[in-house]
Structure formats: C-alpha cells, structure tokens
Amino acid sequence: QVQLVESGGGMVQAGGSLRLSCAASGNTNNINVIGWYRQTPGKQRELVATISNGGTINYAASVKGRFTISRDNAKNTVYLQMNSLKPEDTAVYYCYLNGWFNNYWGRGTQVTVSS
C-alpha cells in the first residue's frame, strides 16, 4: 500500500505562484510514474504533469511553460511549481502514483486563482 499526502494548495491572484508537494509513504519501492492531476466540478480528472521513474516528464499543453514538476527520491516527494497562474487553473489537484500493481491517489488539495 502507498499513502499520498498533498500540501501547498490555497488561494492566489492571477499571475501568482503556488508550490504543491506530495509525500509518498508505504511501499514506495515500485513506482513507475508519479505526478499530478486536477479536477473541476462536472469535468473529468485531467493530467497536469507526471514524471516517470526514469525521469521522463509529461505536461498538459495548458500548463507547459508555466508549471514545473520535480521529484526528490530521497524524500519520496514530488513537487509542482505553478507560476503565472490563471483563473482556469482553479481546481482540486490530486497527487497520483502508478506502481507495479496499483494506482494510488491522494485526497486532493484545492487551488483557487482569482482574477
């Protein structure tokens, strides 16, 4: 089992920045991909950014150039630095981990960007 705990969400004005963190605990030896998804009411959860065990990074087109994902393997933590935030970035952000046998999700952290 793996537990994911997100932190760092909040409210910010458009153009501002936030940094999300996701700490993984439990059986973290078998990680393929870790990263972030987001969801707004009435919409499907969508990929924001992921980073593979080999370091391959994938961004949604809507965040490329503004968001940066990084990973600290020693701390089992993944970060999402979000710059130049827009009102359309408002969502609940979920940490995601794809392991050898299961997928895991955090409980989510709210990000609200006001115009």
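In the stretch 16-49, which residue that is of a type in the set (Gly, Ala, Ser) and out of contact with any Leu (no Cβ under 7 Å at 6 or more places or on another chain) is surrounded by the most Cβ atoms within 10 Å (Cβ to Cβ)?
Residue satisfying both the conditions and the ranking: GLY35.
Would you point out the residue of the stretch 50-93, among those that are hydroxyl-bearing (Ser, Thr, Tyr), more than 22 Å from ASN29 (Cβ to Cβ) and in contact (Cβ under 8 Å) with a residue 60 or more places away in the chain, that is surrounded by the fewest Cβ atoms within 10 Å (Cβ to Cβ)?
SER84
None of the figures in this text is laboratory data; all of them are computed from the coordinates on show. Note that the structure is a prediction, hence the values are computed from the model and not measured. Quick reminder, even Gly has a Cβ in these numbers, built from the backbone with ideal geometry, and neighbours come from all protein chains shown.
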